[in-house]
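Colleague: Have a look at this one before I ask anything.
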Amino acid sequence: MRKKIIAGNWKMNFTPARAAEFANSLVNTIDDAADNVEVVLCVPYVAIDHVQYELDGTDIKVGAQNMHAEDKGEFTGEISGEMLAAMCVPYVIIGHSERRKYYNESDTDVNKKAHKALEMYITPIVCVGETLEQRKNGEVDNVLTQQTHLALVNFKTEDIPKIVIAYEPIWAIGTGETATPEQAQAACKKIRSVIKHEFGEDAAEAIRILYGGSVNPSNANELFAQPDIDGGLVGGASQKLSFAEVVKAGQANA
Ligand code: PEP
């Protein structure tokens, strides 16, 4: 049985003080709901310790939104996996479409970062997903096959359950347009079949695959009820107190 993950992505929002204040309010609304799902808040680097402090003693985890693939060196402005591990960060988003788009992250970068994250005992949440144009051209399966394959190059079968994949159709991120439960299920099933083909049935059954793209309290329940959707990566709606409703939807479908 795969434990669902409800992960929030706060993106470049909230100062450390505001993040702490918001986390403090959130914890009062979702702590009870968090015991049969994993709840992770991926916050800006500078807010990690503030939010950890607020969430101390709860089951809610604090993750990061990106990391560099190298341990150290002349990479001005970057943060390494080693640094995140030193801050006891258990999850990191890798290859979010905004990073692929604005910072030219390639599938090779995504693969390198995912390897480094696991080496640091940090669970990578690896994002894959098609553009609207690719969907219109009927390329969804090909894109997902390619991105999933390239993200997982050189991993061993036993590593696969330690990785999380997030299916995030780019056209649904931050747009208010959500994939239908059927579209999201079909895509997550496809990703699982790619993993089965490459790593075998046990690995495919164990890996958690999230859906992300305008998840909100009204659509979360139907999305999380799909058999191949193991939770959500939630942007905008994780920055509101009603995120608790999304967590509850995860719990209801645990
Ligand atoms: C995201 O940032 O990964 C995301 C899915 O954002 P939103 O929920 O706002 O579409």
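Colleague: With θ set to phi - 60°, apply the Karplus curve 6.51 cos²θ - 1.76 cosθ + 1.60 along region 210-215 and write out the HN-Hα couplings as whole Hz, x wherever there is a Gly or Pro.
Modeller: 9, 10, x, x, 6, 5
Colleague: In Å, what is the Rg of the alpha-carbon atoms in the chain, and how long is Dmax?
Modeller: 16.8, 49
Colleague: Please enumerate, by chain and number, the aspartates and glutamates with C-alpha under 14 Å from the C-alpha of residue 248, excluding those fewer than 8 residues away in the same chain.
Modeller: The reachable aspartates and glutamates, counting only those whose Cα sits under 14 Å from residue 248, are 31, 32, 35, 38, 222, 230.
Colleague: Then there's this: Rank by packing, highest mean first: peptides 234-245, 116-127, with packing defined as the count of other Cβ atoms within 10 Å averaged across residues.
Modeller: So the peptides 234-245, 116-127, ranked by packing, come out 116-127, 234-245.
Colleague: For the residue pair residue 36 and residue 132, what label-to-label distance in nm results when each label sits 7 Å from Cα along the Cα-to-beta-carbon direction?
Modeller: With each label point 7 Å from Cα toward Cβ, the separation is 3.9 nm.
Colleague: Under a no-solvent Debye model with one identical scatterer per Cα of region 102-170, what's log10 I(q)/I(0) at q = 0.17, 0.20 Å⁻¹?
Modeller: -0.62, -0.82
Colleague: If I model region 66-189 as equal point scatterers sitting on the Cα atoms and use the Debye formula, what is log10 I(q)/I(0) at q = 0.19, 0.23 Å⁻¹?
Modeller: Those come out to -1.05, -1.36, one per q.
Colleague: Among 220-226, 173-179, how do they line up from the highest to the lowest mean number of other beta-carbon atoms within 10 Å?
Modeller: Going from most to least packed, we get 220-226, 173-179.
Colleague: Just for the Cα atoms in region 1-61, what are the lengths along the principal axes, largest first, rounded to whole Å?
Modeller: Principal extents (Cα only, largest first): 37, 20, 16 Å.
Colleague: Under the rule of at least 5 residues apart or a separate chain, name every residue whose amide H is placed under 5 Å from the amide H of residue 8.
Modeller: Under 5 Å from the amide H of residue 8: 40, 41, 42, 234.
Colleague: What span do the alpha-carbon atoms of region 57-137 cover on each of the three principal axes, reported in whole Å from largest to smallest?
Modeller: 46, 36, 20
Colleague: I've got another one for you. Would you mind working out the accessible area per residue for the chain, using a 1.4 Å probe, and quoting it in Å²?
Modeller: 45
Colleague: In the structure displayed, which of 4/112; 3/116; 3/190; 112/162; 113/240 lie more than 18 Å apart, Cα to Cα?
Modeller: Too far apart for the 18 Å limit: 4/112; 3/116; 3/190; 113/240.
Colleague: When the convex hull of the C-alpha atoms of region 208-254 is computed, what volume per residue in Å³ does it have?
Modeller: Considering the Cα atoms of region 208-254, their hull volume per residue is 59 Å³.
Colleague: Where does the charge balance sit around residue 216 when Lys and Arg score +1, Asp and Glu -1, over other residues with C-beta under 12 Å from its C-beta?
Modeller: -2
Colleague: Plugging the Kirkwood radius over Cα pairs into Stokes-Einstein for region 119-254, at a temperature of 37 °C and a viscosity of 0.692 mPa s, what D comes out in µm²/s?
Modeller: Result for D is 218 µm²/s.
Colleague: Which whole-number value in Å³ per residue fits the convex hull of the alpha carbons of region 88-135?
Modeller: 75
The values are calculated or read from the model by the stated rules, or taken from the named source; none is laboratory data. Here the structure is a predicted model, which is why all the values come from computation and not from measurement. As a convention, Cβ positions derive from the backbone with ideal geometry for all residues, glycine included, and neighbour counts pool all protein chains shown. Ligands, DNA and RNA are excluded from the accessible area calculation, which covers all protein heavy atoms including side chains. Shrake-Rupley method; radii C 1.70, N 1.55, O 1.52, S 1.80 Å.
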